[in-house]
Structures are given as C-alpha cells and as structure tokens.
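K.L.:
Encoded as structure tokens, here's the structure I'll be asking about.
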Amino acid sequence: MKYGKLLAAGLTAAASLWVSAASAAVLDTVKQRGILNCGTDNTAPGFGYLNTKTGKMEGLDVDFCRAMAAAVLGDAAKVNFVVVTDKSRFNALQTGQVDVVFAHTTVKPVRESAIGIDFLPISFYDGTGVMVKVASGVKSVAELDGATICTTQGSGTESTLAGTIRQRGFKNTKVLTFENLARLIRQSAPERLASVV
C-alpha cells in the first residue's frame, strides 16, 4: 500500500514531486492547509540544524523544505519544521505528522516498497567510513575487531555495520546506537579524529 508521502533525497520541480494518486492527495492537503509540514533533522550541521545563536533552522535540507513551500504555496516561509530522527522519519511520513521529509537517508528499493514511500531524486552522495581517534593508530576497518562503533538508531549505517562485522568475521565488535547525531557527537572525545575505510 502506498501512503503517498515523500521522503526527499533531493528536489526537483514541485509539479513532478507528487507522482501517485495518493501523493496528489498530499499535495491537495498541503494547499488547503496553507502550510507544508516538513520533517528534517535539527542536529546535522550543513543539512538540518537548529542554530542556537539565531534560533533558526539552517542547512541544505532546510533549504529544500523552504523551496518546496515556495513552489507549492508561493511562500518559502509557509513551512512548519518537524524534527525527525533516523528512527522516526518513516513513521512520521506514514502517520501524517509530516508531508515530506528532507533528511539524510540511504535510498534503497526495499525501503520504498516495504514502507510505502516515494523517494525523490538523490541530491547528495556519500560513502560509509568510520571515524577513529588519531591517537589510536587505527588505519583500516580491518583493525576494528573488538571495538565499539557508534551510529544513529534506524540508520542505514546500522545494517551496513552489521554486514561488515559479519563479512569480516569480527567476534567482539559492538555497535552502539544513539537517538540522534547530537547525542552521538556528544559521546565523541574532543581529540582529533580521522576517517578509516
């Protein structure tokens, strides 16, 4: 069953965003309401971030929310930001808390069909790496057997790590998950970090 909600991994012309009949109903609802309920993170600098100095949301995903409000409602300010996490973003779409989500999300065909959402075009490509303390001397993921690796709950990284741990035959590696990026980052030591793959 399609919920007709959109999980944005990118932005195209507003006219092409809602492609299914159910999605057209979401568009009609947004127009009637006069406000776009847009889900985004508020802890990811550069993407969706609440600037504590200005009290305003900032970042690429936030700009996409404003652009969609401008395209659909004619006013970039007609957006209500709803904070979502990796764990809550799909549920927020399915339950109607939000009309669209612009947040870091790995696009997987199985997600689109199993959850009943429509992904928009991809706007940002990245890879998976692990940040380690420079002082640890770790140069490769192969050296992480026995380590505790942190990520966010409900993220694609969780399943990627599980696969990597299984594939490499790690016996003592643990994955520790946090509610959001802010909590994850607070757990990081203030020491210099480096990325390993």
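K.L.:
Using beta carbons and a limit of 8 Å, which pairs, at least six apart or on different chains, have the first residue in segment 155-176 and at pLDDT below 90 and the second one in a helix (DSSP H, G or I)?
P.N.:
So the pair list comes out as THR164/VAL141; THR173/ILE165; VAL175/GLU158; VAL175/LEU161; VAL175/ALA162; VAL175/ILE165.
K.L.:
Here's a follow-up. Test ALA92 against the criterion of being in contact (Cβ under 8 Å) with a residue 40 or more places away in the chain and surrounded by fewer than 20 Cβ atoms within 10 Å (Cβ to Cβ), and give yes or no. Steps first, answer last, please.
P.N.:
On the way: in contact (Cβ under 8 Å) with a residue 40 or more places away in the chain: yes; surrounded by fewer than 20 Cβ atoms within 10 Å (Cβ to Cβ): no.
So ALA92 fails the test.
K.L.:
While we're here: Tally the residues that are of a type in the set (A, V, I, L, M), over 25 Å from the mean Cα position of the chain (by Cα) and in a loop (DSSP other than H, G, I, E, B), restricting the search to segment 118-141.
P.N.:
1
K.L.:
Also: If VAL101 meets every condition in (1) under 28 Å from LEU161 (Cβ atoms); (2) open to solvent by 50 Å² or more (accessible area, probe 1.4 Å) apart from one, which number is that one?
P.N.:
VAL101 satisfies all of (1) under 28 Å from LEU161 (Cβ atoms); (2) open to solvent by 50 Å² or more (accessible area, probe 1.4 Å) except (2).
K.L.:
Which one of these is surrounded by fewer than 17 Cβ atoms within 10 Å (Cβ to Cβ), hydroxyl-bearing (Ser, Thr, Tyr) and part of a loop (DSSP other than H, G, I, E, B): THR106, THR85?
P.N.:
Of the residues listed, the single one that is surrounded by fewer than 17 Cβ atoms within 10 Å (Cβ to Cβ), hydroxyl-bearing (Ser, Thr, Tyr) and part of a loop (DSSP other than H, G, I, E, B) is THR106.
K.L.:
In addition: Which of the residues that make up segment 118-165 are charged (D, E, K, R) and surrounded by 12 or more Cβ atoms within 10 Å (Cβ to Cβ)? If you could, list the steps in order and put the result at the bottom.
P.N.:
Restricting attention to segment 118-165, the residues satisfying the condition of being charged (D, E, K, R) are 118, 126, 133, 139, 143, 145, 158.
Result: ASP118, LYS133, GLU143, ASP145, GLU158.
The values are calculated or read from the model by the stated rules, or taken from the named source; none is laboratory data. Everything numeric in this text was worked out from a predicted model, so none of it was measured. Backbone-built Cβ (ideal geometry, glycine too); neighbour counts: all protein chains shown. The accessibility values were calculated without ligands, DNA or RNA, using every heavy atom of the protein model including side chains. Shrake-Rupley method; radii C 1.70, N 1.55, O 1.52, S 1.80 Å.
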